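Structure first, commentary second.
Where a number appears in this text, it was derived from the coordinates with a stated rule and is not lab data. All values reported here derive from a predicted model rather than from experimental measurement. Don't worry about glycine lacking a Cβ; one is built from the backbone with ideal geometry, like all the others, and counts go over all protein chains shown.
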Amino acid sequence: MRESVQVYFDGGCPVCSREIAFYKTRPGADAFEWVDVNGSDSSVLAPGLSREQALARMHVRLADGTLLSGAAAFAQIWLRMPGFKWLGRLLSLPPLGFLAEIAYRAFLIVRKGWRR
């Protein structure tokens, strides 16, 4: 069986935890290991990923060890979830991926006020 993809997210962020809860109910969610960094110790983190980095923005570790964050991480999740593949492919296009990363960084600024 193929190794799962790990998704590292901040469960202390209400928006983040709601979005991850939504993904967990979708077909294909079992292909992921959903790791709430807020409620875990550093032993669950991918090599090269600190707790501070993992809490600062969403990260995905692919089966080959590649570590991605932000909009690129969302694109990888969507590429692997039925019903969202088109969105993942769209974000994989250079101009749209860049714009999505800018939007994600803007979200991170606003998110600081929402974190529990």
- Message: Please report the antiparallel percentage of DSSP beta bridges with both residues in the chain, rounded to the nearest 5.
- Response: 55 percent
- Item | Residues listed by number, region 11-51, amide nitrogen under 14 Å from residue 63 label point at 7 Å toward C-beta | 30-33
- Query: Rounded to whole Å and sorted largest first, what semi-axes of the equivalent ellipsoid does the C-alpha gyration tensor of the chain yield via the square root of 5 times each eigenvalue?
  - Reply: 20, 18, 14
- If you count, for each residue, the other Cβ atoms within 10 Å and average over each peptide, how do 46-58, 92-104 line up from highest to lowest? 46-58, 92-104
- Query: For residue 33, which sequence-distant residues (separation of 5 or more, or a different chain) have an amide H within less than 5 Å of its own amide H, given hydrogens modelled in the peptide plane?
  - Reply: 5, 6, 7
